[in-house]
Amino acid sequence: MTVEDSLHELETASYFGVLRYPRSYGNLLYSFLTFPIGLTFFIYAWVCLPLLIGLSVFIVVLPILYIFLWSLPRLVLVIGYLTELFVGLPVPIKEDIPKEIEGSFFTKAFNALKDKRIGRSLVYSMFLALPYGTFVFSLMTFFVSLSGGLIALPVVYLVQLGRGLLDQPWEQWFVNNMPVWGIILVLSIAILIGILMIPAVLQLSNKLAIWHARMVQKALTR
């Protein structure tokens, strides 16, 4: 199955329809996992590759460089299996992953670069994984926190009011000048907005997770 043939049911789900798909919540978790995944790939690629290239003047290092390049698509394949577990998009068939790199033993490290899957995995590890993971993690953390904060606002307000912690000027103005019905209305609107944000957060996490899964698929296909 190719990347273009892979269609996801959540790509056409309605705004509130995402709530009934268990995979929506798996995609949300997967979105948070993109940051540690990206950080791991970034460290692995940027530590190993410059070090091995710098030491490549020693012939004994060439097999290690080959092992590093050989490992990249297989590590991305592990991420592919995670995308299959959480997102539901299948990874390319195992036969599509390079098993052997042509060339003599001492030239395999150089010849490995000719395989597009290894090159794509290298680009993904060094330039895409961490920036994308950081962006997704920050974005989802913000929206999840905002939605949860709005839903919990009445509880926070009552706790702070009971403990006398509303000492900011605007908080004092709000308490002293806003009628009770106005406070109830504002808190009710906050709860409603927070609840209505939940499907939006799931829609966003679905799209980001599916896009990342397709990027991994692309790196693993010919």
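Derivation of every value follows stated rules applied to the coordinates shown; laboratory data play no part. Keep in mind that what you see is a predicted model, and the values were worked out from it rather than measured. All Cβ positions, glycine included, derive from the backbone under ideal geometry; neighbour counts span all protein chains shown.
For segment 110-182, the convex hull drawn through the C-alpha positions has a volume of 140 cubic angstrom per residue.
Normalised by the number of residues in the chain, the average gap of Cα pairs under 8 Å and 6 or more apart makes the relative contact order 38 percent. In the chain, the sites counted are chymotrypsin sites (Phe, Trp or Tyr not before Pro) in DSSP loop states with at most 15 other Cβ atoms within 10 Å, and the longest stretch holding none of them, exclusive of the sites, is 59-222.
How big, on average over all directions, is the shadow cast by the Cα convex hull of segment 45-88, in nm²? Can you show the working numbers first?
Details: hull surface 12.9 nm².
Computing the convex hull of the Cα atoms and averaging its projections yields 3.2 nm².
Treating each Cα of segment 1-75 as an identical point scatterer and summing with the Debye formula, the log10 of I(q)/I(0) at q = 0.21 Å⁻¹ comes to -0.97.
How large is the Kirkwood hydrodynamic radius of segment 141-222, in angstrom, based on all distinct alpha carbon pairs?
Working: mean 1/r = 0.0650 Å⁻¹.
Result for segment 141-222, one decimal place: 15.4 Å.
Computed from the alpha carbon atoms alone, the convex hull of the chain holds 144 Å³ per residue.
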